[in-house]
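To start, the structure itself, in structure tokens.
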Amino acid sequence: MNLDERLQNVTVIGAAGKMGSGIAVLVAQEMSKLKFKPENNDKIYRLNLVDITEKALDGLRSYMKVQLIKAAEKSTVILRQIYSDRKDLIENGEIINAFVDDTYALLNFTTDYNIAKDSHLVFEAIFENEEIKIKVLKQLKEICLPDALFLTNTSSIPISYLDEQAGLGGRIVGYHFYNPPVIQKLVEIIYADNTTDELKEIGLEFGKRLRKKLVPAADISGFIGNGHFSRDGLYAMNKVEELKDEYGYHGALYIMNKVSQDFLVRPMGIFQLIDYVGLDVFQSLLRVMRTHLKLEHLNSDLLNKFMDKKISGGQNPNGSQKNGFIKYDKNRPAGVYNIEEGKYRMFDEDWRAEIDKKLNPTNEKFAPWRALLMDAKKMEKLETHFNNLKGMNTYGSTLALDFLKTTKEIGENLIKNGVANSEKEVNEVLMNGFFWLYGPINNFI
Amino acid sequence: MSYFRKKIYATAGFNTVSLGTGRKEFHPKKPRPGIEHYIKEAGLGSINQIRNPENIDEGVIGNFMAARFCNQGNLGGFFPMVHPTFQYKPCIRVEGACDSGGLALATAIKTILADIADVVMCIGVEVQNSVKAIYGADYLAGAGWFSGERKDGHAYFFPDQFSQRAGACYEKFGKEKVRAGMAHWYVNAIENARKNPDAQENHNKNSDLLATGMTPPNPKAFCEHINVFDCSKVSDGGSALIFASEEGLKKIGVEQKNAIEVVAYAQVQDNLTTPPPDLTKLSTCAVAAKRAYDRADIKPSDLSVLDVHDCFTIAGLLAVEAAGVAGYGEGADFITDGNTKSDGIIPTNTTGGLVGYGHPTGASGVRQAVDVLKQLLGKTGDCQVKISPDKPFGMMSSMGGNDKTVVAMVFRKE
């Protein structure tokens, strides 16, 4: 059965979640492209979107509408050709609405897993918890057609383990989208020991159709992206424990966040990123990796303390950022938490100026990530920047260079441990999945 | 022998900022001033330059598509809002697509020539950022023949019309040459806009404009022969100026040295239901320019400043040919060689033009007249070009649709 045939009936499990909803939009677009081909006129296409509550599905309905409209607005040039024989549709607005209505008509929203019974492709994108994932996959195995293929969006659980536990006989592949899937170009593709050749091909072809950058990662917990991110985050957390005596928890968090964002020219500081991903997600990631890799040090007391206090970051239903390590005002960092004091220390208090001065006594302005993003000469400029850091010999530059070195070692170890085949793959994942301007394995250090 | 039966003057020109992408203060998701704001700001900007606004007799408002962009009709009703003494005075709104502003100028002048009024305030306005460009393209397509052309037309209807013209020029005159001319038009537009604080591209910091101008087109997402930098901007803005008879100037307390004379104009209409006779020419613009020159009794070489309707870079290129400053097929080289720059043979679109200043469609014709007025009066700030005494003329040419509705107007420094 080829991909076109499989795309006639697809199910997304966990469709209302952050990742599931994005995957649903991408799959819906691919299905509607097929449906509009004249030879497929009489075929029925169905995309089943499953989640656990009706409320979540309501949110998903609005999200799908908005995303389909955006997609149609971007492809109106082509849609006008597709709808050229519909004489009643003349203006762009009419054609966009028709596309959204026609695509929306393919969707089934339900809380009932049994809807997956006729699906040939199933995307699993539920919360990153291996017990639940295994339970759901087992259930799906019973419900679905015997040749149904499963693409799991796990970001850390070994695929062979899921395959074995759920008894899927190789009908599963790791298909790790990055958040948000509609925008992020990267998909890590991970084969289990027994993943069938057919599924490997389907995975590659589907990625090509989505115009995603597919990077293969070995089936080792954490894969490339989270294999790097988890250790990068842990390094920063451990460093906070080191610096807290001198600067307090809030000062230490502030320092590491600022060094990673401003000095290392990243899109956001390391603690802002963990807040964005969710402290709960990060904790669960460490737990999975710790269990599967049997590496006890993949744990953070600091993170656990935050979680004990139920400070977990992530986003509100309206997309705004929840407080985590950092407190946000209109989605912008406005303070940092001091776990000992049990409160946020705001940026407008006077503690900050002193730390800023210590980090960067000459008050040098670094080009921010955003300014370099579209700059054709960004690599030259970054090289100059890191060379300057080497010459500065300040507290901030030393911390930054240590971080840069550690980040590089983490990347190199991923290759050494067989998670990635080459530098190129490690760098591609960080640059495409995390929007870094440069890969962790570089010549800057 | 002058063309008009009495002297007509232009004075008190004012342009608002052209707001849209490119301006630092523009944010697509934040609330912005509405159309009434621009009418008032432009009107007051003009009134502030005269002594007796109460002696303005009438108003004309040029606007293209407020009914769709802003769900607003009856625009004449905003005229009394501009100044309390305008209450119960006549005001008429005129529409001729992107030449609505040009038609507003012609209408004001005709009213004075008819002895109905001595002083007419002319306001051009458009607010277009109310919808995304893909829907704005629908509204702007109203400048073409809806029932005859729209269904088979492109998603970006007008960009595609001019993309076809670019394609025809590539074929006839050589792609490399024409493409370079278009890119150089873009460079000149942005460089001039950087000197004009009201221009939408005033904040443009791009260090390699030529490379940007040469960006290859992406037919899947946009047009076959032009890129997005070849297009004028989606803009919100307003412009105003005052036309007056000799008597009228006195009534509003403006000395003649602060006014310029309108020597002649030509308003030309082509049939909307027929395709352009030759894609490599702006035939209607050429007729308008020729008539305007003849009526003013001047030649293109008598101009010190020119302002043409560059809704697209290719339109700018064809417009300088239509205006007779460059020969047919020679526009590209003429531009590439720098002849339209501020220090060139014929400084053209000296404040940025539609590509650099912006294109609040219904305002553009008025904006062009305002800028020629300011140039001839020597009040164009950093954009000022040399107005030599032996060439005291300036011309603007404003176009609606695909070379369908044109007003060309010649001004003289007194």
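The values are calculated or read from the model by the stated rules, or taken from the named source; none is laboratory data. Note that the structure is predicted; figures quoted are calculated from it, not measured. Cβ atoms come from the backbone with ideal geometry, glycine included; neighbour counts cover every protein chain shown. Side chains included, ligands, DNA and RNA excluded: accessible areas come from the protein's heavy atoms. Shrake-Rupley method; radii C 1.70, N 1.55, O 1.52, S 1.80 Å.
What is the number of the single condition among (1) at pLDDT 95 or above; (2) more than 21 Å from the chain's Cα centre (by Cα); (3) of a type in the set (D, E, K, R) that residue B:195 does not meet?
Failed condition: (2).
Answer yes or no as to whether residue B:44 is under 21 Å from residue B:196 (Cα atoms) and open to solvent by 20 Å² or more (accessible area, probe 1.4 Å).
Taking the combined requirement at face value, the residue satisfies it.
Can you find even one residue in the range A:82-104 that is among the β-branched types (Val, Ile, Thr), within 14 Å of chain B (Cβ to nearest Cβ) and either part of a loop (DSSP other than H, G, I, E, B) or over 22 Å from residue A:36 (Cβ atoms) (or both)?
Yes, the range A:82-104 contains a residue that is among the β-branched types (Val, Ile, Thr), within 14 Å of chain B (Cβ to nearest Cβ) and either part of a loop (DSSP other than H, G, I, E, B) or over 22 Å from residue A:36 (Cβ atoms) (or both).
Cβ-Cβ below 8 Å, separation at least six or inter-chain, first residue in the range A:66-79 and more than 10 Å from chain B (Cβ to nearest Cβ) and within 13 Å of residue A:94 (Cβ to Cβ), second open to solvent by 30 Å² or more (accessible area, probe 1.4 Å) and acidic (Asp, Glu): which pairs?
Short answer, once both residue conditions are applied: none.
Of these, B:50, B:39, B:56, B:8, which one is under 16 Å from residue B:122 (Cβ atoms) and out of contact with any Phe, Trp or Tyr (no Cβ under 8 Å at 6 or more places or on another chain)?
Just one listed residue meets the conditions, B:50.
For the range B:187-245, enumerate the residues that are in contact with a strand residue (DSSP E or B) (Cβ under 7 Å, 6 or more places away or on another chain) and within 14 Å of chain A (Cβ to nearest Cβ).
B:226
Go through (1) touching a helix residue (DSSP H, G or I) at 6+ places or on another chain (Cβ under 7 Å); (2) in contact (Cβ under 8 Å) with a residue 24 or more places away in the chain for residue B:326 and report which single condition fails.
For residue B:326, the exception is condition (2).
Could you pull out every one of the helices (runs of 4 or more DSSP H) wholly within the range A:313-404 that has 2 or more residues that are in contact with a Leu (Cβ under 8 Å, 6 or more places away or on another chain) and aliphatic (A, V, I, L, M)?
Result: A:369-373, A:378-392.
Any idea which of A:400, A:420 is crowded, with 17+ Cβ neighbours inside 10 Å, farther than 12 Å from residue A:264 by Cα and either among the aliphatic types (A, V, I, L, M) or touching a strand residue (DSSP E or B) at 6+ places or on another chain (Cβ under 8 Å) (or both)?
Criteria check complete, one pass: A:420.
Name the residue, out of A:275, A:245, that is assigned to a helix (DSSP H, G or I) and under 21 Å from the mean Cα position of the chain (by Cα).
Criteria check complete, one pass: A:275.
Considering only residues that are open to solvent by less than 10 Å² (accessible area, probe 1.4 Å), part of a loop (DSSP other than H, G, I, E, B) and of a type outside the set (S, T, N, Q), which ones fall in the range B:172-218?
B:199
Could you say whether any residue in the range B:121-136 is among the basic types (Lys, Arg), in contact with a helix residue (DSSP H, G or I) (Cβ under 7 Å, 6 or more places away or on another chain), within 14 Å of chain A (Cβ to nearest Cβ) and assigned to a helix (DSSP H, G or I)?
no
Yes or no, residue by residue, for (1) outside any helix (DSSP H, G or I); (2) within 14 Å of chain A (Cβ to nearest Cβ):
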| position | (1), (2) |
| --- | --- |
| B:51 | yes, no |
| B:73 | yes, no |
| B:80 | no, no |
| B:147 | no, yes |
| B:152 | yes, yes |
| B:159 | no, yes |
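Report yes if residue B:39 is touching a strand residue (DSSP E or B) at 6+ places or on another chain (Cβ under 6 Å), surrounded by fewer than 19 Cβ atoms within 10 Å (Cβ to Cβ) and away from every other protein chain (no Cβ under 14 Å), otherwise no.
In short, no.
Assigned to a loop (DSSP other than H, G, I, E, B), of a type in the set (Asp, Glu) and either open to solvent by 40 Å² or more (accessible area, probe 1.4 Å) or modelled with pLDDT under 95 (or both) - does that describe any residue in the range B:308-328?
No, because not a single residue in the range B:308-328 is assigned to a loop (DSSP other than H, G, I, E, B), of a type in the set (Asp, Glu) and either open to solvent by 40 Å² or more (accessible area, probe 1.4 Å) or modelled with pLDDT under 95 (or both).
Quick check: is even one residue across the range B:163-171 within 14 Å of another protein chain (Cβ to nearest Cβ) and in a helix (DSSP H, G or I)?
Looking through the range B:163-171, at least one residue is within 14 Å of another protein chain (Cβ to nearest Cβ) and in a helix (DSSP H, G or I).
What pairs come up if the first residue lies in the range A:374-397 and is under 24 Å from residue A:256 (Cα atoms), the second is open to solvent by 60 Å² or more (accessible area, probe 1.4 Å), and their beta carbons are under 6 Å apart, counting only those six or more places apart or on different chains?
A:394/A:361; A:395/A:358
Out of the residues in the range A:113-130 meeting the condition of being out of contact with any strand residue (DSSP E or B) (no Cβ under 7 Å at 6 or more places or on another chain) and at pLDDT 95 or above, tell me which one is farthest from residue A:170 (Cα to Cα).
Among them, the one singled out is A:114.
Could you tell me how many of the residues in the range B:223-250 are within 26 Å of residue B:66 (Cβ to Cβ) and not small (Gly, Ala, Ser)?
Here the count works out to 8.
Just checking, how many residues over the range B:166-192 are more than 20 Å from the chain's Cα centre (by Cα) and not hydrophobic (A, V, I, L, M, F, W, C)?
Of the residues in that region, 10 qualify.
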